[in-house]
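Participant: One structure coming up, written as structure tokens, with questions to follow.
The values are calculated or read from the model by the stated rules, or taken from the named source; none is laboratory data. Everything numeric here is computed off the predicted structure, so don't read it as measured data. Reconstructed Cβ throughout: ideal geometry from the backbone, glycine too, with neighbour counts over all protein chains shown.
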Amino acid sequence: MAHRRSRPVVPRALLWCAYLSLGSAALPAIALGADSSPGAKGAQVYCFMRSNGNNHQVSWDAAYALIKRQSASLFKTSPQHGAVMITEAVVQNPGLYPDCGRFLGDLFVKPVTPDSMASPAGGPQSRSERLGQ
């Protein structure tokens, strides 16, 4: 009689402890063996915060700080790359981030600066625009 090798089973008690300590939002990620990459972790933070009423900037600051801290690269992760990492994680696993797709566009909006408000196109003003003619 051949000995069958069994798969490791995660005890329900362990999942329940994770649920109690991390909250209900983390349970699907644990149960499904979700990606633990910096982008996925950033997406989880960003989407959780946005879906709970936080604005873009607060959610982005928290997610980007986590991505920078978790990345194992020699080079700093740029904000643009961080936004792409979050977007990729959400698009690859939309079921883990319900209703987060509606917030992804905010990751790619350029901040409004006084210079960009100077002219309608955000570029240099003509002489007549500067003189108000």
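Participant: Can you go through 99, 106 and tell me which one is assigned to a loop (DSSP other than H, G, I, E, B) and modelled with pLDDT of 60 or more?
Facilitator: Being assigned to a loop (DSSP other than H, G, I, E, B) and modelled with pLDDT of 60 or more holds for just one of 99, 106, which is 99.
Participant: Looking only at the range 50-92, which residues are at pLDDT below 95 and either under 10 Å from the mean Cα position of the chain (by Cα) or crowded, with 18+ Cβ neighbours inside 10 Å (or both)?
Facilitator: Once the filter is applied, which keeps residues that are at pLDDT below 95 and either under 10 Å from the mean Cα position of the chain (by Cα) or crowded, with 18+ Cβ neighbours inside 10 Å (or both), the range 50-92 yields 71, 77.
Participant: Continuing with the same structure: Of all residues in the range 12-49 being of a type in the set (S, T, N, Q) and surrounded by 13 or more Cβ atoms within 10 Å (Cβ to Cβ), which is modelled with the highest pLDDT?
Facilitator: 44
Participant: What are the residues in the range 99-113 that are surrounded by 11 or more Cβ atoms within 10 Å (Cβ to Cβ) and either in contact (Cβ under 8 Å) with a residue 60 or more places away in the chain or not charged (D, E, K, R) (or both), if any? If you could, list the steps in order and put the result at the bottom.
Facilitator: Quick first cut of the range 99-113, residues surrounded by 11 or more Cβ atoms within 10 Å (Cβ to Cβ) only: 100-101, 103-104, 106-107.
Once the filter is applied, which keeps residues that are surrounded by 11 or more Cβ atoms within 10 Å (Cβ to Cβ) and either in contact (Cβ under 8 Å) with a residue 60 or more places away in the chain or not charged (D, E, K, R) (or both), the range 99-113 yields 100, 101, 103, 104, 107.
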